[in-house]
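Engineer: Okay, here's the structure, questions in a sec.
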């Protein structure tokens, strides 16, 4: 039997999710689905221009926090950790990509980079 209970169906405090890599694709879709279910979402995006996640903050201003971080930068990850200090999450989804630009494919990324 599959449990179809959503976080919003469960009595108690509001659920919280941290989605690393929520600017587009799967991460964005998951963020939007959780927001629609009443979950408080902290979504991360890479530094740069406005992403597809940003309009969702206009729709759910009290439920969505957007954090900017480049997960390949140890300093930026440490700064994110400091900003999130004291918060607890019911879900952690790491969906961030590791390729540097659209000309690069996953085959171009060293396995050592993946597991450092």
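Engineer: Can you pull out every residue in the stretch 19-38 that is crowded, with 23+ Cβ neighbours inside 10 Å, without any contact (Cβ under 8 Å) to a residue 40 or more places away in the chain and part of a loop (DSSP other than H, G, I, E, B)?
Structural biologist: Residue satisfying the conditions is 23 alone.
Engineer: List every residue pair whose Cβ atoms lie under 6 Å apart, where the two residues are 6 or more positions apart in sequence or sit on different chains, the first residue falls within the stretch 41-52 and is without any contact (Cβ under 8 Å) to a residue 24 or more places away in the chain and at positive phi, and the second residue, located anywhere, is crowded, with 24+ Cβ neighbours inside 10 Å and not in a loop (DSSP other than H, G, I, E, B).
Structural biologist: From residues that are without any contact (Cβ under 8 Å) to a residue 24 or more places away in the chain and at positive phi, there are no pairs.
Engineer: Scan the stretch 14-38 for residues that are within 11 Å of residue 93 (Cβ to Cβ) and touching a helix residue (DSSP H, G or I) at 6+ places or on another chain (Cβ under 6 Å) and jot them down.
Structural biologist: 17, 19, 21, 22
Engineer: Any residue at all in the stretch 73-94 that is touching a strand residue (DSSP E or B) at 6+ places or on another chain (Cβ under 7 Å), more than 24 Å from residue 14 (Cβ to Cβ) and at pLDDT below 95?
Structural biologist: No, because not a single residue in the stretch 73-94 is touching a strand residue (DSSP E or B) at 6+ places or on another chain (Cβ under 7 Å), more than 24 Å from residue 14 (Cβ to Cβ) and at pLDDT below 95.
Engineer: Could you list, in sequence order, all residues of the stretch 79-93 that are without any contact (Cβ under 8 Å) to a residue 24 or more places away in the chain and either under 15 Å from the mean Cα position of the chain (by Cα) or surrounded by 11 or more Cβ atoms within 10 Å (Cβ to Cβ) (or both)?
Structural biologist: 79, 81, 83
Engineer: Tell me which residues, restricted to the stretch 39-56, are more than 15 Å from residue 89 (Cβ to Cβ) and outside any helix (DSSP H, G or I).
Structural biologist: Selection gives 45, 46, 47, 48, 49, 50, 51, 52, 53.
The values are calculated or read from the model by the stated rules, or taken from the named source; none is laboratory data. Quick caveat, the model's predicted, so the values are computed rather than measured. Note that each Cβ is placed from the backbone with ideal geometry, even for glycine, and that neighbours are counted across all protein chains shown.
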